[in-house]
Amino acid sequence: MMRYLLVLLLTIINIAMAAQAQQTFHMDDHKVIEELYEEMYRAMIAKDTVALGRILDDEFILVHMTGMRQSKQDYLRAIANGTLN
């Protein structure tokens with residue numbers, strides 16, 4: 001009986017530690033995404049296409065509310081020339 005309780009206790013501790021580690025990892029990911037999102041908007045306002053080029057994936061596609069799709073290169077050009085403000 002004592003062995004059973006010990007195994008149960010260790011299992012519960014292991015599950016709790018795994019859940020805490022996963023939550024910490026999730027919070028770290030959330031923070032990174034939040035920081036990149038803010039950096040992206042600062043770069044858009046400053047028309048910093050170098051920073052945007054670094055932040056955005058090469059496969060990035062902007063889908064406008066009208067349904068128009070714009071590649072990363074077209075999007076960066078529109079930011080640089082003032083089409084998108």
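The values are calculated or read from the model by the stated rules, or taken from the named source; none is laboratory data. Because the structure is predicted, anything quoted here is derived from the model rather than measured. Positions of Cβ are generated from backbone atoms using ideal geometry, with glycine treated the same way; all protein chains shown enter the neighbour counts.
Residues in segment 47-79 that are part of a helix (DSSP H, G or I) and under 20 Å from Ile33 (Cα atoms): 8 in all.
Taking the numbered list (1) surrounded by 10 or more Cβ atoms within 10 Å (Cβ to Cβ); (2) within 16 Å of the chain's Cα centre (by Cα); (3) not aromatic (Phe, Trp, Tyr) in turn, Asp57 passes all entries but (1).
Of the residues making up segment 68-83, just one is modelled with pLDDT under 90 and among the small types (Gly, Ala, Ser), namely Gly82.
Matching residues to (1) surrounded by 10 or more Cβ atoms within 10 Å (Cβ to Cβ); (2) modelled with pLDDT under 90; (3) out of contact with any Pro (no Cβ under 6 Å at 6 or more places or on another chain); (4) aliphatic (A, V, I, L, M):
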| residue | (1), (2), (3), (4) |
| --- | --- |
| Tyr4 | no, yes, yes, no |
| Ile15 | yes, yes, yes, yes |
| Ala51 | yes, no, yes, yes |
| Asn85 | no, yes, yes, no |
